[in-house]
Structure formats: C-alpha cells, structure tokens
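Reviewing the structure listed below.
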Amino acid sequence: MTSQDGAAERSSIERIEAEAVNSARVRQPLYVARKKIFPKRASGQFRRFKWIVMAITLGIYYLTPWLRWDRGPYAPDQAVLIDLANRRFYFFFIEIWPQEFFFVAGLLVMAGIGLFLITSTVGRAWCGYTCPQTVWVDLFLVVERWVEGDRNARIKLDKAPWSADKVAKRLSKHTIWLLISVATGGAWIFYFADAPTLFVDLFRGEALPVAYITVAILTATTYTFGGHMREQVCTYMCPWPRIQAAMLDENSLTVTYNDWRGEPRSRHAKKAAASGQLVGDCVDCNACVAVCPMGIDIRDGQQLECITCALCIDACDQVMDKTGKERGLISYATLSDYNANMALATGGGSHAIDPTGVHKPDGRLSDKVAHFHWNKILRPRTYVYFGAWALVGLVLLYALFTRDRLDVNVLHDRNPQFVVLSDGSIRNGYTVKLLNMIPEPRTVTLSIEGLPGALMTVDGIADNAEGRSFEVPLEPDRLRSLRVFVRLPAERVDEESETFRFHVEEAGGDETASYQANFSAPEDM
Amino acid sequence: MSEKNIDDVTGVETTGHEWDGIKELNNPLPRWWVWTFYATIAWALAYTIAYPAWPLIERATGGVLGYSSRAELSQTMEAAAAARADLVTAISEKPLADILADEELRRFAISAGAAAYKVNCSQCHGSGAAGSAGYPNLNDDEWLWGGDIEAIHQTIAHGVRFDGDDETRFGEMPAFGDILDPQQIRAVSAYVHSLSGEGADPALVEAGSTVYADNCAACHGENAQGEPALGAPNLADAIWLYGSGQEAIAAQVRSPQHGVMPAWQARLGETTVKQLAVYVHSLGGGQ
C-alpha cells in the first residue's frame, strides 16, 4: 500500500463533530477560589464623606448603651434598653410594652420604604456608606493599612516568604482585628442590660452565660466577615444587591464610568493622538480598580458587585486633575443622562464612540453634554415613596402621642359562663387586667357601667365586699390581674346575654379606659 | 450538552435553561461555599456521634456525651420543684387559715390546686367545676358538707360515703317510697318545691308541710335550710343537685340517690389536698 493510498483511505473516513462533554477544553471549574483584593487608600470628597459616616455610625453603635435617661425610681435609667426579662423596650422618652411592638414594625416598614426612596434616587447608598458590613470592612482595612502598608506593600508582603517581620505584622493585624471584634460583640449585649453593671460583671466573670456566648458569636462573625469574607458577603451571601438592583430606574444615580468620554482609552494618549487616532479621557491607569474594595472594574459597566461606595470616583478625579481634564470621568450619573451623552458621542448610535462629539476642541466637555440636575429626584415614583414613608411616620407619631398609658382588658369566664347562686341570683366571673403603663404607682377606680342592680366583688380588694366601684392600687409599670365576680339578682335578669362596661379611672388624674363585657344568664330565666 | 451556551453580555456559560428569554448563568460557586457545605456534613456526623442518633434494633446509639432528653426533662422538673420548694413547704406546714391570709401562698396554692383539680377532679365535677346532675357545682354558694376552708378540706381529704376511709363524710336519706304513700310523697314534693318560691297546688302544699314536719325536718331542718353535718341539702334555695321540679323531687324522696366521692388524702398527700381546698374555696362560694 503506498502512502498515497493510505491518505485516500484516511480522507474517506468522515470526521464526526463530537466532543467529550467533560473535555478539559469545555470544562468550566465548579468552584473558584477567592481572588485576593488589596484596596488602595483613596482620598477625595467621597472618602471624606465615608469617614464621617463611619465615625457617626460606629459612634452610635458603641456609645448608645452608655447614654443615661432619668425615668424616676421605678424604671431603668438607660436611654436605650431592650429589657427582655421584663418585656419592656426603652427608647429615651418612649417606653414600649410587648403589645405596642407595632411601633417597631412600623419603623421597619418606614425603613423599607425609606430604602426604596433612597435607592430610587441615589442608588445603593445603603450598601456603599452605611451597611455594617461596609463600615466594619472599612474599619478593618484601616487597621490593615496601618500595620501592613498600602496596596503595593501588602501585595509584596502577601507574596513574601514567611519571616519574622511578616509574622509580626500578620499577628498584630489579626490581634487588632480580634480586639475590634470583641468590642463589637461586647457593645451589642449592653443594649440588653444595664451597661455599667454588665461591663463590670463581664470582666469579673459574673455575667450570664448568654452574655459570653453572644459576645463570642458576634466576635466570630465580625472577625470572619470583616477580616476574611469582606466582599464575598456582599456578592454571595447578601440578598440586598439583588433586591436593590430591581429598584433602580433610568433616573436613579449610580456610580457610572462615562465611556462616552473615556473611550477609546489609551495608556499613551499623546502618542496615539499624534498618530491621528481617536483618544478618550481614560488613561487606563487602573486607579479605579486599585481602590475598589469589591475588586471590580467599574469600566465594565454597572454590575451586581458594585456597592457604589464611590471610591473609584475619588481615585479617577485625582487622575483627571493630574492630566488636566475635567473631573467626572467616573461619576454619579443617571442612565438617561448617560444614554443622552452616549448618543451624542456615537452620533445616535451610527458609529463607534468618538470623543470629539462630546468635547470642545480645547478638550473641555461640550455644552451639549447632559449633567445631573437635582430636580430629577422629584418624580412621581419618589413622590409616592416619600408620601408612603411620611404617611407611615405620621400615623406612628399620632399613635405614639395619643396612646393609652392606662388600659383594661377583660376575660369573661367561659367555663362556667354563669353560676346560679342559692338565692337564685346569677353570678359571672371575669379576669380583669389593669395595665399601669407608666413608671409611677397609681390608684385607679374600677367600676361597672350599665347592668342596673348588678354588684361586683373584687378578690383581695375591700375584703371582698360587694359594690359597684372600688379603688385599686396599681404598682408602677406593671399589670395587675384581678378576679372579679359580678352578681345580678334574679329579678333583674331579663336577657340571656347583656352587655355592660368595666370602667377604669385614674384617681386624681384624667386618664380613663373601659372595656365592654358580657353578662350571661341561663336561657330559661 | 456538547454545545456550550455562552451569555453574550457577561461571557459566562449558561445552564441552557431559559424562561421567557431569561437565562440562568452557570457561575462557579466560591470555594469557601463548598467548604461550608462540607463543614455542615462533618458537623452532622460529629453530631450523630456526640448525641443519640442512629436507631439500632434494641435502642438508638446513646452518643458519647451521654445526653438524654428524658434526663434533661427530669432535671428541669427538679429545678422547678426546687424553685418552689419553699412555697410547698410553707403550704404543708401552715394551717389553712394562714395560707388564705398570705396572698403569695394563696395564689400559689390556687394555681397548684387548679392543676391538681384538672387531673383528679374534673372527670366528675367538670373542668370548670360547674358539676352536673349528681355532681355538685363547686362555684356556687351552697355546700352539702360546709363551705368554709376546713370543711372543704375535710371533704376532699376523706371523701363522701367512701368505703376505704374511716373518717369519710356519711349521711344517707332513707328511701321514703317504703315509708310514705304516693299521695304523701306528692304532697311533700309540692311543699318542697314551693319553698324556693315556685308555684304549687296550695292544698298539696298544705298537706305536704305536715308530712315534711313529721318526716324531713329532723335532718333538713324546720325551715328546710339543710344540715351540713349530715350532708342534708338546703331545700329552700335555687340549687338542686338531682334536678328541680316536683317530679325530680318526688323521685329523690321515693328512692334517693347518694353520690360517692373518693378520699384523696391517701392518694394525693396532704399538701396537694390543701392546695385543692384553697382552689375550690377560691372559686366564688368559699365561706
């Protein structure tokens, strides 16, 4: 067989288009390792704003439990206290009983609608500035930079083999992180007990086990999430980015790379311009990528990972200042402005981005370029959000300032519903609960209204004498449960069920409360 | 599967699933995620070693920590018992009058008594203690054997007409069907019925009053107000243990029913019986 024959034979075998499903060429990794991120220190107006927000939020978190608020001798003097054991929530001048928890629910509704409002106007501001994850990661990064240096030093240290210096740096960094974590976990429990007392007990080892367990858990989560997980928490664990992205519209401000003026980007702008190529404002210095705590490139467009912390704006503005170009290559911009400017740069989409369309000959931006104007915030969507938010707020305020501090609840005995007494009169039993919701002792008058001829006895009051009205002393900030019997003489009974009211009136005050109750009698009377 | 579906925008492979034009990206999971998953598996295995878990033929594996929910329950019960030991001791030691006078002790006795009542008494007297025909209502103010705290305690402790207790309450009404003739029974029933203000034939009532004075007043009293020492009920009030109306009264005169209540002292112990007495006393009729 000649080689020619062999070739002919081979060519007669059809090549089938098939490939193993798991061949290395098509196989995608199932799992990816986290890529290390070494955010560079940014400086500028947004960084400054973030420092301020960080100071305020951390200050509120750590210091609030230590604020005092005088409520008299019968209530704790901690301004903000969640007293789980006694089921009370104190917030400055407000004291909430468990049945008033709707105030907290209302505040959560307001927070939800407020988030809609904020997100529809200034994008993911919550994520970028005030989210605890963002704030604590920022705090941990401050420590990391202080111990290990800025981005380049940290990359170098990370690659360097283990040495005494590296061990010392890593050890001190993690120690400080852990201390911050303990302080974070420690601050949390002070909201649930008297802070100064608990502080002493904590160090003496006399606090409840739940206190130490809570501190331990929050220390672990703070250290893990702030030091090790960081952006992974936002990208993979948090549902917020998904939800918030759905609230944006074309008039919402988002951190935007304005490629209509930045492209084509060039590292050697002058040389490229001299050779007649089109050159945009972006010098491809990657400063925006280096400062990003999420490790993304904003120039790839809006993306799930972006928390809109705006540090890339600060980084880019510095570069623009150096290159003598106008700030705002990366800026807070709305999609509608962006689209208008993009149309300008591409001649309505007829050609690739041409920077000359949006620039004047002297390199400044053209007057036709659309800029954000604050009146864009005022639009039907934000009116509705603000209206709903304010409405809930006003309802809550109204409820707060008109709520009862004296209340009565009545449970009618169901078994037996009535008792026939030896003289033929009918007796009904009730559990009457009197709520004195102020931290002062009070005396109230409990009386029955309606049901003529009926008399009541109150267990433990006035030696169980019969009458229609009794003085009942109430302890400060407590509920008093009373067994009450109401007796109606046989000749006064005329219906199987009659309504009347238990009325409570503050002695020497003007607060009243009443509760409608039923009086039951046998059918055949 | 040999075709790769690549999403145009992200350049990421999709799963090939599409819903109304929306495709599912097949991004790889972060590696720590899978480690978390393995950690939960390891935790589950460790848990089954540490705690009772695997069912075997005789019993489940015990777990190396020796945990048992039954032991935990008895610990909790012991702790609860220890927490109220002072109150229980006080109740067992103090006389009933002192318990009633001490508000804290009384409240505790009422709740403990209510619990014991639900288990031991509700079968006959009803869960609301309202009784039924033949079983006295404990809420009202008529007491067959006395309604002060000591009398109630005595009744609960030793029962009524109970064979197994020497101190039991005892009193039996003779069957007047053998003693009186039917006409007399009709008359005395009409008389008794009239005592609680109900209408009856005046002639019968007149005749009945004589029959009553001769046969009934010895136990039930001249004014028919009853005699707790004998368990003879008040016949002049609105409360009827075996039903009101002349027929029901006549039936009871002819051949009386006698309810029996067990003695509880031996079964429940002195402390529980005291608590029950305080509870029953608190229901509204206690004297």
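The values are calculated or read from the model by the stated rules, or taken from the named source; none is laboratory data. Treat the numbers as computed from the prediction; the structure is a model and nothing was measured. Every residue, glycine as well, gets a Cβ built from its backbone with ideal geometry; the counts of neighbours run over all protein chains shown.
Within segment B:195-220, track down each residue that is away from every other protein chain (no Cβ under 14 Å) and of a type in the set (Gly, Ala, Ser). Hits for segment B:195-220 are B:GLY199, B:ALA200, B:ALA203, B:ALA207, B:GLY208, B:SER209, B:ALA213, B:ALA217, B:ALA218. Determine, yes or no, whether A:ARG487 is within 12 Å of another protein chain (Cβ to nearest Cβ), more than 52 Å from the chain's Cα centre (by Cα), assigned to a strand (DSSP E or B) and over 30 Å from A:ARG71 (Cβ atoms). Considered against the rule, which asks whether it is within 12 Å of another protein chain (Cβ to nearest Cβ), more than 52 Å from the chain's Cα centre (by Cα), assigned to a strand (DSSP E or B) and over 30 Å from A:ARG71 (Cβ atoms), A:ARG487 comes out as yes.
Matching residues to (1) assigned to a helix (DSSP H, G or I); (2) farther than 30 Å from A:VAL53 by Cα; (3) among the hydroxyl-bearing types (Ser, Thr, Tyr):
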residue: A:SER252; (1), (2), (3): no, no, yes
residue: A:TRP260; (1), (2), (3): yes, yes, no
residue: A:LYS270; (1), (2), (3): yes, yes, no
residue: A:LEU278; (1), (2), (3): no, yes, no
residue: A:VAL283; (1), (2), (3): no, yes, no
residue: A:GLY295; (1), (2), (3): no, no, no
residue: A:LEU304; (1), (2), (3): no, no, no
residue: A:ASP317; (1), (2), (3): yes, no, no
residue: A:LYS322; (1), (2), (3): yes, no, no
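Table: residues versus (1) over 12 Å from B:VAL278 (Cβ atoms); (2) over 24 Å from the mean Cα position of the chain (by Cα); (3) in contact (Cβ under 8 Å) with a residue 24 or more places away in the chain.
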{"position": "B:ALA79", "(1), (2), (3)": "yes, yes, no"}
{"position": "B:ALA85", "(1), (2), (3)": "yes, no, no"}
{"position": "B:ILE110", "(1), (2), (3)": "no, no, yes"}
{"position": "B:ALA114", "(1), (2), (3)": "no, no, yes"}
{"position": "B:GLY126", "(1), (2), (3)": "yes, no, no"}
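Would you point out the residue of segment A:222-266, among those that are aromatic (Phe, Trp, Tyr) and in contact with a strand residue (DSSP E or B) (Cβ under 8 Å, 6 or more places away or on another chain), that is nearest to A:GLU144 (Cα to Cα)? Filtering segment A:222-266 for residues that are aromatic (Phe, Trp, Tyr) and in contact with a strand residue (DSSP E or B) (Cβ under 8 Å, 6 or more places away or on another chain), the one nearest to A:GLU144 (Cα to Cα) comes out as A:TYR236. Taken over segment A:411-437, the residue count meeting the criterion of being touching a residue at least 60 places away in the same chain (Cβ under 8 Å) and under 30 Å from A:GLY72 (Cα atoms) is 4. Please give the number of the condition B:THR210 fails out of (1) touching an Asp or Glu at 6+ places or on another chain (Cβ under 9 Å); (2) over 30 Å from B:THR155 (Cβ atoms); (3) among the hydroxyl-bearing types (Ser, Thr, Tyr). Answer for B:THR210: the failing condition is (1). A count restricted to segment A:226-240 and to residues that are within 14 Å of another protein chain (Cβ to nearest Cβ) and part of a helix (DSSP H, G or I) stands at 10. Scanning segment A:484-500 for residues that are in contact with a Phe, Trp or Tyr (Cβ under 8 Å, 6 or more places away or on another chain) and either among the aromatic types (Phe, Trp, Tyr) or loosely packed, with under 15 Cβ neighbours inside 10 Å (or both) turns up A:PHE485, A:SER497, A:THR499, A:PHE500.
Scanning segment A:402-410 finds one or more residues that are part of a helix (DSSP H, G or I), out of contact with any helix residue (DSSP H, G or I) (no Cβ under 7 Å at 6 or more places or on another chain) and either acidic (Asp, Glu) or modelled with pLDDT under 95 (or both).
Looking at segment B:199-216, can you tell me whether even one residue there is more than 28 Å from B:SER132 (Cβ to Cβ), in a loop (DSSP other than H, G, I, E, B) and modelled with pLDDT of 90 or more? Checked segment B:199-216: no residue is more than 28 Å from B:SER132 (Cβ to Cβ), in a loop (DSSP other than H, G, I, E, B) and modelled with pLDDT of 90 or more. When the criteria are applied in full, A:VAL504 meets the requirement of being of a type in the set (Val, Ile, Thr), assigned to a strand (DSSP E or B), over 13 Å from A:LEU451 (Cβ atoms) and not assigned by TED's automatic domain parsing to the domain that holds A:TYR74. Summed over segment B:193-206, residues that are aliphatic (A, V, I, L, M) and without any contact (Cβ under 8 Å) to a residue 24 or more places away in the chain total 3.
So in segment A:360-389, with the set limited to residues that are β-branched (Val, Ile, Thr) and closer than 17 Å to A:ASP249 by Cα, which one is surrounded by the fewest Cβ atoms within 10 Å (Cβ to Cβ)? Of everything passing the filter in segment A:360-389, A:VAL384 is surrounded by the fewest Cβ atoms within 10 Å (Cβ to Cβ).
The criterion of at least 1 residues that are surrounded by fewer than 13 Cβ atoms within 10 Å (Cβ to Cβ) and not assigned by TED's automatic domain parsing to the domain that holds A:THR334 is met by the following strands (runs of 3 or more DSSP E) wholly inside segment A:63-159: A:94-96.
This table checks each residue for (1) more than 14 Å from chain A (Cβ to nearest Cβ); (2) in a helix (DSSP H, G or I); (3) at pLDDT 95 or above; (4) more than 30 Å from B:VAL188 (Cβ to Cβ).
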| residue | (1), (2), (3), (4) |
| --- | --- |
| B:GLU247 | yes, yes, no, no |
| B:ALA250 | yes, yes, no, no |
| B:HIS258 | yes, no, no, no |
| B:LEU276 | yes, yes, yes, yes |
| B:TYR279 | no, yes, yes, yes |
| B:GLY284 | no, no, no, yes |
| B:GLN287 | no, no, no, no |
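For segment B:58-84, taking the residues that are under 30 Å from B:THR271 (Cβ atoms) and of a type in the set (D, E, K, R), the one that is surrounded by the fewest Cβ atoms within 10 Å (Cβ to Cβ) is identified as B:ARG70. Residues that are exposed (fewer than 12 other Cβ atoms within 10 Å of the Cβ) and without any contact (Cβ under 8 Å) to a residue 40 or more places away in the chain were ranked within segment A:29-47; the one that is nearest to B:ARG31 (Cα to Cα) is A:ALA33. When segment B:16-57 is filtered for residues that are more than 11 Å from chain A (Cβ to nearest Cβ) and either among the polar types (S, T, N, Q) or over 60 Å from the mean Cα position of the chain (by Cα) (or both), the ones remaining, listed by number, are B:GLY16, B:HIS17, B:GLU18, B:TRP19, B:ASP20, B:GLY21, B:ILE22, B:LYS23, B:GLU24, B:THR40, B:THR48. Note on segment B:83-132: among residues that are assigned to a helix (DSSP H, G or I) and among the acidic types (Asp, Glu), the one that is nearest to the other protein chains (Cβ to nearest Cβ) is B:GLU103. Number of residues in segment A:29-49 that are within 14 Å of chain B (Cβ to nearest Cβ) and in a loop (DSSP other than H, G, I, E, B): the value is 7.
With respect to being outside the structural domain of A:TRP51 (by TED's automatic domain parsing), modelled with pLDDT under 90 and over 22 Å from A:ARG364 (Cα atoms), A:GLY301 fits the description.
If only residues of segment B:1-57 that are among the charged types (D, E, K, R) and exposed (fewer than 11 other Cβ atoms within 10 Å of the Cβ) are counted, the one that is modelled with the highest pLDDT is B:ASP20.
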